[in-house]
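J.: Attaching a single structure in structure tokens format; questions to follow.
Nothing in this text is a laboratory measurement; each read-out follows from the coordinates by a stated rule. Fair warning: this is a prediction, and the values are worked out from it, not measured in the lab. Positions of Cβ are generated from backbone atoms using ideal geometry, with glycine treated the same way; all protein chains shown enter the neighbour counts.
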Amino acid sequence: STFAPHGLWTRGYAEMMDQMKAEGFNTIRLPFSSEMLHTSAAPNGIDFSQNPDLVGLTPLEILDVIVDYAGEIGMRIILDHHRSTAGAGTSGNGLWYGEGGFTEAGWIEDWRMLAARYADDPTVIGADLLDYRLEKSKEMGATHTINPSRDEIGEAVLEITDGVGPDVIVEAAGYPDTFNMAFRLIRQFGTVIIFGVQTDHMVPIEHNLLLDKQPRIIPTTGARSGDPIAHIREIVGLRERGWCDPGALVTHRTGLSDVQNAYDMYEQQLDEVIKVVMSIDE
């Protein structure tokens, strides 16, 4: 919400980056929001006595200063579009657009602008994407994968299914936009499995989609069902018969005493995490 990197309220950016360099780090992931790129509001939460060269700059110009100084001291920058509106954490809808009036087209245009802005600057080496998860899907049998940062999901799904739509869609994200997207993309009389848990009790739905598609809807409750152990027994049985191996999704193991670090790793998508197994004995 400050439209500026955190920590500037207590230290100078150069001092912090010098410390990172001294500690042996060579790359900084630099988060930004769509709102930061377009706001007319002045950056706040900055101690200008320790950051005098940031006085009067726009949020984007502060981004330039960080990138320039990283280049001076031999560090590199990965730009991280973290959310649509200013704030903490990722966007509530699970997408890189759609909140605060920021559209998908605008999000793409923002990336084009940044790519052009830093095209000749070797300091900026990449953008934060999660292609490793798509690669894991291929390893486990997926014939097609879609990265929303490069492809429009609806167009890609319709192209893959020759304009008909999928027979079955599992909505596992738990966001209003993806909830409606499932009904928008399913083929007529197809099946939508609702697995994701919504934050709000009431979620708007596009009523015409139900009338047009007439889908079969299967809600699933997992651990809240009458016999949650039954699901575990079933997946164990599938594994014993060689139909699937969920163990292939495990990328990290830790003790129960380290549960917070495991959640932080998953939330921040660190170290190419997919699934973390925790042992109650550690």
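J.: If you plug each phi of segment 105-112 into the Karplus form 6.51 cos²θ - 1.76 cosθ + 1.60 with θ = phi - 60°, what whole-Hz ³J(HN,Hα) values come out, in order, with x for Gly and Pro?
T.: 4, x, 4, 5, 5, 4, 5, 4
J.: Can you list the HN-Hα couplings for segment 136-150, worked out from phi with the Karplus curve (6.51, -1.76, 1.60; θ = phi - 60°), rounded to whole Hz and with x for Gly and Pro?
T.: My calculation for segment 136-150 gives 5, 4, 5, 4, 9, x, 5, 8, 9, 10, 10, 10, x, 6, 10 Hz in order.
J.: Under a point spin-label approximation (7 Å from Cα along Cα-to-Cβ), what is the residue 273-residue 168 distance to one decimal in nm?
T.: 2.9
J.: Sort the following peptides by mean Cβ neighbour count (other Cβ atoms within 10 Å, averaged over residues), highest first: 239-247, 256-264.
T.: Descending mean neighbour count gives 256-264, 239-247.
J.: Among DSSP bridges having both ends in the chain, what percentage is antiparallel? Round to the nearest 5.
T.: Taking every DSSP beta bridge within the chain, about 0 percent pair in antiparallel fashion.
J.: Taking K and R as +1 and D and E as -1, what net charge do the other residues with C-beta under 15 Å from the C-beta of residue 22 add up to?
T.: Here the count lands on -2.
J.: Here's a follow-up. Which aspartates and glutamates, on any chain, are close to residue 213 with Cα under 17 Å apart, when same-chain ones fewer than 8 places away are left out?
T.: Those aspartates and glutamates meeting the cut-off are 162, 167, 171.
J.: Still on this model: With N residues in segment 109-243, what two-decimal value do you get for its Cα radius of gyration over 2.2 N^0.38 Å?
T.: So segment 109-243 has a normalised radius of gyration of 1.34.
J.: List the residues whose amide H sits under 5 Å from the amide H of residue 30, counting only those 5 or more places along or on another chain, with H placed 1.01 Å from N in the peptide plane.
T.: 78, 79, 80
J.: With the cut-off at 31 Å, report for the chain the share of all Cα pairs above it, as a whole percent.
T.: The proportion of pairs with Cα distances above 31 Å equals 42 percent.
J.: Something else now. Rank by packing, highest mean first: peptides 103-109, 232-238, with packing defined as the count of other Cβ atoms within 10 Å averaged across residues.
T.: Highest mean packing first, the order is 103-109, 232-238.
J.: Give the peptides 115-124, 184-193 in descending order of average Cβ contacts within 10 Å, highest first.
T.: For the peptides 115-124, 184-193, the packing ranking is 184-193, 115-124.
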